[in-house]
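The values are calculated or read from the model by the stated rules, or taken from the named source; none is laboratory data. Please read these numbers as outputs of a predicted model, since none were measured by experiment. Every residue, glycine among them, receives a Cβ derived from its backbone with ideal geometry; neighbour counts consider all protein chains shown. These accessible areas exclude ligands, DNA and RNA; they are computed on the full protein's heavy atoms, side chains included. Shrake-Rupley method; radii C 1.70, N 1.55, O 1.52, S 1.80 Å.
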Amino acid sequence: MTRVALVTGGTRGIGAAISIALDQAGYRVAATYVGNETEARSFQDRTGIPTYRWDIRDYQACKDGIARVEADVGPIDVLVNNAGITRDGMFHRITPEDWNMVIGTNLNGLFNMTHPVWPGMRERSFGRIINISSINGQKGQLGQANYSAAKAGDIGFTKALAQEGAAKGITVNAVCPGYIGTEMVRAIPEKVLKEHILPQIPVGRLGEPEEIARCVVFLASDEAGFITGSTLTANGGQYLA
Ligand SMILES: NC(=O)c1ccc[n+]([C@@H]2O[C@H](COP(=O)([O-])OP(=O)(O)OC[C@H]3O[C@@H](n4cnc5c(N)ncnc54)[C@H](OP(=O)(O)O)[C@@H]3O)[C@@H](O)[C@H]2O)c1
């Protein structure tokens, strides 16, 4: 039996590495994105993994999108809530729009995506929900009140839902990456990265998207069936949660 995995924000960055790793592990994979058509098309051409466009801030769009994926690929066994954004700024400068964009995507997006797949997972007595949180949800980060709040919320969501899914064969876990070399991190000024961030990482480098993808493949597997409600930290030793 080939399992179906859906990866939000699965066309670039960490999400692309997750989609590819799940595909290589034998899953039928679908990947979503929100606006970067060029990257999504190139990803689909390169990998053969089908891509779907909708905004995870919109509940109805998620319901409709998931129905399309299920009609094309099959019932979703593994949901990877990976899509996320930053709108960094010191709190006194942060706007309500910045706050709502980040909470809408990084926290509400998890509800919008998980709620429609949950009944099917319960009926089939199997499911894997894997939420990509962040080191900055664990420790808090200056200039990221919105992002840290959302990512800490993702961990609370994971722990609560794990308790509801356990009796139905559904595991719910979070992965907390440290600083990974994607566009999101490359947006940080070079000077800040070199002088402030890299010296705080004991292994002395940024993580690779594939290193996060391997965590996800493990949590999705049957071998990880006893692991639920957990937070898998992958940050090069930067923060010991
Ligand atoms: N990079 C890091 O160091 C790091 C560290 C800790 C945690 N994380 C978390 O890991 C996840 C992936 O990060 P990344 O660095 O790979 O990000 P990225 O390269 O910026 O990619 C983000 C992906 O999310 C999609 N997306 C954004 N907003 C969306 C929305 N409203 N609806 C649907 N899709 C949306 C984007 O679609 P488009 O391509 O269409 O824009 C893109 O595919 C995020 O949750 C992030 O918070 C990253």
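Could you work out how much longer the chain between M90 and R124 gets when fully extended? Use 0.36 nm per residue separation minus the Cα distance between them, nm to one decimal. Don't jump to the answer; show the numbers that get you there.
Values: separation 34, 0.36 × 34 = 12.24 nm, distance 4.55 nm.
Result for the pair: 7.7 nm of gain on full extension.
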Once label points are set 7 Å from the Cα along Cα→Cβ at both E37 and H196, what is their separation, rounded to one decimal in nm? 3.7 nm
Theoretical gain in end-to-end length, K168 to E97 [0.36 nm per residue, Cα-Cα removed]: 21.7 nm
Whole angstrom only: what separates the Cα centroid of the range 73-90 from the Cα centroid of the range 117-182? 10 Å
Using a Gaussian network model of the chain whose springs link C-alpha atoms within less than 10 Å, name the residue from E208, E190, E164 with the highest mean-square fluctuation. E190
Relative to the longest principal axis of the chain, what angle (0 to 90°, nearest 10) does the C-alpha long axis of helix 37-47 take? 60 degrees
Mind telling me which of A160, A30, A174 comes out most flexible in a GNM of the chain, alpha-carbon contacts under 10 Å? A160
Quick check for the range 88-226: number of Lys pairs with alpha-carbon distance under 18 Å, counting only pairs 8 or more apart or on different chains? 4
What number, in percent, do you get for the relative contact order of the chain if the mean sequence gap of Cα pairs under 8 Å and at least 6 apart is divided by its residue count? 20 percent
The correct ranking of F226, F111 by accessible area at 1.4 Å, largest first, is F226, F111
In deg cm²/dmol and to the nearest 500, what is the mean residue ellipticity at 222 nm of the chain if only DSSP H runs of at least 4 residues count, each as -39500 (n - 2.57), divided by the residue total? -13000 deg cm²/dmol
Considering the options T171, Q144, G225, tell which one lies farthest towards the positive end of the dipole of the range 4-233, charges being +1 on Lys and Arg and -1 on Asp and Glu at the Cβ, about the Cα centre. Q144
Between 0 and 90 degrees, rounded to the nearest ten: what's the tilt of helix 13-24 against the longest Cα principal axis of the chain? 30 degrees
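Can you tell me what percent of all Cα-Cα pairs in the range 4-233 are more than 26 Å apart? Please report the intermediate quantities before stating the final value.
Values: 8616 of 26335 pairs.
The share of Cα pairs beyond 26 Å in the range 4-233 comes to 33 percent.
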In the neighborhood of L161, defined by Cβ-to-Cβ distances under 13 Å, what is the net charge if each Lys or Arg adds +1 and each Asp or Glu adds -1? +2
Any chance you could give the angle, 0 to 90 degrees and rounded to 10, that helix 209-220 forms with the longest Cα principal axis of the chain? 40 degrees
Whole angstrom only: what separates the Cα centroid of the range 1-44 from the Cα centroid of the range 216-241? 20 Å
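When the dipole is taken about the Cα centre of the chain, and only Lys, Arg (+1) and Asp, Glu (-1) are charged at their Cβ, what size is it in debye, to the nearest 20? Before the final figure, lay out each step's value.
On the way: 23 positive and 24 negative charges, 55 e Å.
In total the dipole reaches around 260 debye.
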